Structures are given as C-alpha cells and as structure tokens.
Amino acid sequence: MTPNSGTGTSATRRLGVLVIVLVISLALFGLQFSAEDVVQGSTVRIMYVHVPSIWTAYIAFFLTAVCSGVYLSRRQRSLAWDRVAGASAEIGVLFVAVSLVTGSLWGRLTWGTYWVWDARLTSTAFLFITYVGYLAVRRLDGTHRQRARRSSVMALLAVLEIPLVHFSVNLWRSLHQDASVADPNAKVKLDGLMLFSLFLGLVTFTLLFVWLVLHRQRTMLLEDSFADRGLDVAIAERRNEAGVQ
Amino acid sequence: MSSVKSRRTIAVAVARKDLSIEWNSRILTNQVAPFAAIVMVMFAFALDNEGILQRVAPGLMWLATLFSMLIVVQRSFTVESADGALDALRVAGVDTGAIFVGKSLALMVQLFVLEILLLATAVVLYGVEMTAVGLLEAFVTMVVATAGLGCVGTLYGGLAAGAKGRETLLPLLLLPVVAPVLIGATRATEAAFGSGGTAVSEGWPWIGLLAVFAVIFAVAGTVAFGPLVDE
C-alpha cells in the first residue's frame with residue numbers, strides 16, 4: 001500500500017457505489033413506493049431502518065465473536081483477526097444505537113412512549129452497553145498483542161453473558177410484539193412491496209456494514225503500524241539531527 | 001505441579017493471603033461497610049416513605065451490595081498490582097486458574113460479610129420482617145448470589161487490573177454482566193421478605209437462575225483468567 005492510497009481499493013469503491021445506489025433505492029421504496037400500514041400509517045416506514053440496523057448489529061457482533069475465537073485458537077495469532085473483530089464491534093455498536101433510537105421513536109408513535117421495560121428492549125440496551133465496554137477495553141494501554149488477547153477474551157465472555165442477560169430479562173418480563181416475519185407459524189402479514197422494501201433494507205445495511213468494516217479494519221492497520229513505526233521514525237530523525245549514525 | 005491437590009492448596013493460600021491483608025488493613029470494616037450502610041440511609045432519604053421502603057428493600061439491598069462490590073474488587077486488585085504481586089505469582093509458575101479460585105473465594109467471604117450487614121440494615125432501617133423459612137431463603141440467596149458475584153468480580157477485576165483508568169472502566173464492564181444477579185437475587189429476596197405479598201416459595205426458581213450464573217462464571221473464570229492477566 002502506497003502512503004497516499006487511502007483505505008480504498010477498486011473493489012471497495014465498486015461496493016461503495018453499489019451501496020449508495022441501494023441506499024437511494026431503499027429511501028425511494030421505503031418512503032415512496034411502499035404502502036402505508038393499515039393500523040400504523042406512515043410510521044411503519046421506520047421499520048425499513050429499524051429492523052435492518054438491529055439485523056446488522058447482530059451480524060457484527062457475531063463476526064466479532066467468530067474473529068476473536070479464531071484469533072485465540074490459531075497458533076500463529078494474526079492481528080488481522082483482532083482488527084476485524086474490533087472494526088465489526090465498533091460498527092455493531094453504531095447500528096445498535098441506530099436501532100435503539102429508531103425503535104424508541106417508533107415506540108413513541110405507536111405505543112405512546114419512548115421506552116417500555118420489555119424484555120427485548122432491555123436486553124438490547126444491555127447488548128449496547130456490553131459492547132461499549134468491549135470498545136473501552138480495546139482502548140486500554142498495552143501492546144497490540146495485549147489488546148488483541150484481552151479484547152478477544154472479552155468478546156467471548158460477551159457471547160456467554162448476552163444469552164444469560166437475555167434469559168433473565170425475559171423471565172423478568174415480556175411485552176414486545178413477536179417477530180412478525182420470522183415467526184414460522186404466522187402467515188406473513190406484510191404486503192409484497194413492504195416485504196420487498198424490508199429485504200432491500202436488510203441487503204443494503206449488510207453491504208453497508210461490509211463496506212464500513214473493510215475500511216475500518218484498514219484504518220486500524222494504519223493506526224497500528226503508525227504506532228509501531230512512529231517511535232522508530234522519531235528516533236531516526238533525532239539521530240539525524242544530532243548527526244549520530 | 002498442577003495436580004488438583006496443589007491447585008487447591010494454592011487457591012486456599014491465595015484466599016488466606018487476601019483475607020489476612022483485609023483483616024490487617026480493616027478497609028472492609030472501616031470503609032466499605034460504612035459506605036454500604038450510608039448508601040442504605042441515602043436510599044431512605046430518596047424514597048421518603050416507609051411503605052415504599054419496605055416494598056423495595058430487596059432491590060436496594062442488592063444495589064448497595066453491587067456498589068460496594070465495585071470498591072472491594074478494585075481493592076482486591078490494587079493489592080496485587082501495587083508491588084507487582086500478581087506478576088511475582090506468575091513468575092513463580094503458579095497456576096492462574098488456582099489464583100482465580102483463591103481470589104474469588106476471598107472476594108466471596110468479604111461480600112458475604114457485607115450482605116449480612118446489609119440484611120441487618122434492611123431489617124432495622126426499613127422495617128423488614130421475615131419468617132424462619134424466609135430467613136433461610138434469604139440466606140441461601142445470599143450464598144448463591146455471592147458465589148456468582150465473586151467469580152464475575154474477580155474475572156473482570158483481573159481484566160481491569162493494572163490498566164490506566166480502571167476505576168472508571170470496572171463499573172462499565174461489571175454492572176451489565178451482573179444484571180442477572182440483580183434480577184434473580186432481588187426477586188428471591190422479595191419472596192424471602194414477603195414484599196408486596198410475594199410467597200416464600202416463589203423465590204426458589206430465582207435461586208436456580210443465580211446458581212446457573214455462578215456455575216457458568218466459575219468455569220469461564222477459571223479458563224479465561226489466565227489469558228486476561230497474562231501479559
């Protein structure tokens with residue numbers, strides 16, 4: 001990679017263009033072409049952002065866990081796995097935040113309140129906090145290897161913790177409407193175009209996520225090598241100044 | 001060297017070391033316990049109504065436990081990192097799983113002492129009344145919940161140990177993880193206290209949840225503690 005090449009390649013640029021096209025078409029389908037809901041009216045359109053963003057967050061945290069597991073299990077521990085795990089978690093946190101915000105706005109419009117103490121909402125909030133903690137652990141002092149090991153263990157502990165929190169919060173209470181598409185027993189209640197828009201949203205957000213992770217892990221690589229080489233370069237410059245060889 | 005017996009010896013030695021440090025410094029009795037008690041008093045100021053206090057006493061008791069736990073965990077690892085004691089143990093080739101078990105045990109003993117005190121405070125200040133079975137249930141809840149808290153506290157305390165800004169990091173990491181304990185222990189204690197007309201028998205399933213939590217984190221901690229503190 002030459003110093004001025006940035007983090008893009010021709011492949012990521014193509015992907016980027018595709019994502020832009022998809023985002024525009026999602027906006028058109030979500031806001032214009034798809035029908036209003038019989039009960040909820042136009043507020044149902046929040047779904048085209050809300051559902052894809054939590055979907056993407058789940059993919060992101062799953063990827064974080066897998067990469068962390070791979071990092072720890074390989075004999076030749078490659079920091080690339082750690083960087084993908086970290087990049088994925090960062091973007092996952094972003095998307096959980098988006099889904100929490102859109103969800104509470106939607107809740108305000110349909111339930112009349114921003115927040116209800118329902119099991120799924122509460123565990124999602126915990127998911128958010130847990131990965132904010134994970135990101136804080138990544139920022140602790142130490143070498144790249146220390147960071148990688150600590151955060152990998154953290155990511156795997158989170159996999160343990162999240163079902164436990166989810167389970168206990170579920171025991172605590174549950175009100176949230178059941179998943180309306182994923183429920184195998186229920187007939188799909190969304191009309192064709194709404195369903196299409198929703199799937200378009202899932203595809204768009206997933207590709208957006210891939211694009212973001214590719215770039216983010218490359219900037220992380222640059223940050224890491226900057227941290228590694230920065231000191232060497234500084235020492236070399238001081239030596240040159242002093243005329244020491 | 002890492003036979004089961006020597007591991008047990010190491011774990012007990014580490015626990016004894018931690019407890020005797022605590023005993024000599026008196027931090028638990030002179031600082032943490034008064035802190036926990038003042039938290040209980042402050043709750044009473046915030047919820048200025050005896051009826052409400054009685055109703056929410058179990059939750060307040062466990063919240064005060066969690067807050068105090070943050071201090072105790074912090075302290076448990078300040079002792080280790082201050083003179084590079086943890087490094088010395090590792091250099092000596094001591095099994096990290098055994099260190100984990102030892103430090104968890106010491107933490108559990110301290111937390112249990114605190115909980116007894118908090119239970120007494122709840123009885124005295126909040127006017128909680130219990131039957132004999134209720135008292136037994138509260139006791140079992142405290143034992144099982146403490147087992148889980150001790151393991152989780154040691155695990156995440158070890159992670160934050162030696163890191164800059166650990167005072168602020170530990171609560172962020174620890175509180176979300178112990179949410180199931182807060183939920184389970186509060187519900188079980190509500191049943192034990194009979195708050196809001198809850199029957200004593202309703203508490204036992206929650207104790208099951210606490211037990212699952214304790215077992216999972218005891219195993220996870222024994223495995224993960226090594227990689228976490230191993231630099």
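Just so you know, all these numbers are worked out from the coordinates, no wet-lab data involved. All values derive from a computational prediction rather than experimental measurement. Cβ: placed from backbone, ideal geometry, glycine included. Neighbour counts: every protein chain shown.
Details
- Cα-projected label distance for A:I24 with A:T143, points at 7 Å along beta-carbon direction, nm: 4.9
- Segment B:147-231: trypsin sites (Lys or Arg not before Pro) falling in loop per DSSP and having at most 15 other Cβ within 10 Å: B:K164
- Trypsin sites (Lys or Arg not before Pro) restricted to DSSP loop in segment A:20-116 with at most 14 other C-beta within 10 Å: A:R74, A:R75
- Counting Cβ atoms of other protein chains within 10 Å of each Cβ in B:171-177 and taking the mean gives 6.
- Inter-label distance, B:S20 to A:R75: 4.3 nm, where each label sits 7 Å from its Cα along the C-beta direction.
- Between A:T7 and A:F226, the modelled labels are 1.1 nm apart [label points 7 Å from Cα along Cα→Cβ].
- Förster radius 30 Å - calculated FRET efficiency between B:M42 and A:V132 (Cβ-Cβ, nearest 0.05): 0.65
- Lysine pairs with alpha-carbon atoms under 24 Å apart, the protein assembly as shown, spacing 8 or more or separate chains: 4
- Normalising the average separation of contacting C-alpha pairs (under 8 angstrom, six or more residues apart) by the number of residues puts the relative contact order of segment A:1-91 at 19 percent.
- Residues considered: A:L127, A:L198, A:L160. Largest GNM mean-square fluctuation over chain A, using C-alpha springs under 10 Å, is found at A:L160.
- Ranked by how many other Cβ atoms sit within 10 Å of their own Cβ, fewest first, the residues A:I129, B:I21 fall in the order B:I21, A:I129.
- Relative contact order, percent, segment B:4-229 [alpha-carbon distance under 8 Å, six or more residues apart]: 27
- Taking only Cα atoms of segment B:4-229, radius of gyration then Dmax in Å: 17.7, 56
- Segment B:36-103 versus segment B:164-231: alpha-carbon centroid distance in Å: 12
- What separates the Cα centres of segment A:127-173 and segment B:5-25 is a distance of 29 Å.
- Selection of trypsin sites (Lys or Arg not before Pro), segment B:12-91, meeting DSSP coil and at most 15 other Cβ within 10 Å: B:R26
- Computed over every Cα-Cα pair of the protein assembly as shown and binned at 20 Å starting from 0, the pair-distance distribution P(r) comes out as 20, 47, 28, 4, 0 percent.
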